[in-house]
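Each reported figure results from applying straightforward, stated rules to the coordinates on display, with no laboratory input. Just so it is clear, the model here is predicted, and its values are computed rather than measured. In this analysis, Cβ positions are derived from the backbone assuming ideal geometry, glycine residues included, and neighbour counts consider all displayed protein chains.
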Amino acid sequence: MQHILTRYPFSSIIIIGIWVLCFMNIPESPLSDVRFIDKWTHSVMYLVLGLSISLEYLRTTRHARLRFIIIWVWLMPVLMGGLIEILQANCTGGRRSGEWLDFFADATGSTIALLIGILLVRYHARA
């Protein structure tokens, strides 16, 4: 665990932040009227998470592997997003709802991060 926290401190903070945000009550704001604002928020959170993991990985390794990027930038965040949606639907007493569109938005953000991560790994290999 200490290895993860020392090599990926910013990513760890983002993961904790995502878990907290996904289970707290969201107050009304002027942005509440923006169409699909929650979906955009999900996409951006998972995009930032994936980019953070990619950049911290490339910063701490000499020989970047595409497999790492696929698993840790795309697969694990998508699984985390799915787990969060299941827990929201079943464990929040109706305060939060698990939605397929939220899961799709999580996967979309992670997929964009994956594509950028692949480009970064290829660039890193040439440098």
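Which of 34, 94, 119 sits farthest toward the positive end of the charge dipole of the chain, with +1 on the Cβ of Lys and Arg and -1 on the Cβ of Asp and Glu?
Of the listed residues, the answer is 119.
Please build a GNM for the chain, connecting alpha carbons under 10 Å apart, and tell me which residue among 45, 24, 76 fluctuates the most.
Fluctuation is largest for 24.
Taking the Cβ of each residue in 74, 19 as the centre, tally the other Cβ atoms inside 10 Å and list the residues starting with the fewest. Provide the component values of the computation, followed by the final result.
On the way: 74 22, 19 14.
Going from least to most buried by this count: 19, 74.
At most 15 other Cβ atoms within 10 Å plus a DSSP loop assignment makes a site exposed; report the longest stretch of the chain without any exposed trypsin sites (Lys or Arg not before Pro). Before the final figure, lay out each step's value.
On the way: sites that count: 35, 62, 65, 95.
With trypsin sites (Lys or Arg not before Pro) excluded where exposed in loops, the chain gives 1-34 as its longest stretch.
Show me 28-34, 88-94 ranked by packing, highest mean number of other Cβ atoms within 10 Å first.
Ranked by mean Cβ neighbours within 10 Å, highest first: 88-94, 28-34.
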